[in-house]
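Written out below as structure tokens is the structure these notes cover.
The values are calculated or read from the model by the stated rules, or taken from the named source; none is laboratory data. Keep in mind that what you see is a predicted model, and the values were worked out from it rather than measured. Don't worry about glycine lacking a Cβ; one is built from the backbone with ideal geometry, like all the others, and counts go over all protein chains shown. Remember, those area values only see protein heavy atoms, side chains included, never the ligands or the DNA or RNA. Shrake-Rupley method; radii C 1.70, N 1.55, O 1.52, S 1.80 Å.
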Amino acid sequence: MRPPDPKNLWPEPRSGNQSAASKDSVENKLKVAVCNGTVKLDDARNAIATDWTTALAEVGIG
């Protein structure tokens with residue numbers, strides 16, 4: 001599925017303990033880790049696609 005595919009787009013809640021802000025933080029930390037070579041892109045993609053709430057621990061940065 002490509003990023004602009006409508007099936008890949010949905011609203012994320014801005015409240016609660018698993019809010020969009022929480023997920024954004026995980027996404028940003030993964031991006032930094034990939035860009036600085038700490039984490040491989042495929043590993044980051046797989047971790048966040050599997051369960052974003054455990055993605056940082058899965059790749060060893062959380």
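General observations
- Scanning segment 6-47 for residues that are surrounded by 10 or more Cβ atoms within 10 Å (Cβ to Cβ), assigned to a helix (DSSP H, G or I) and among the acidic types (Asp, Glu) gives ASP24, GLU27, ASP43.
- Long-range neighbours under 8 Å by Cβ, at least six apart or interchain, first residue more than 22 Å from LEU56 (Cβ to Cβ) and modelled with pLDDT under 80 within segment 1-30, second open to solvent by less than 90 Å² (accessible area, probe 1.4 Å) and aromatic (Phe, Trp, Tyr): none
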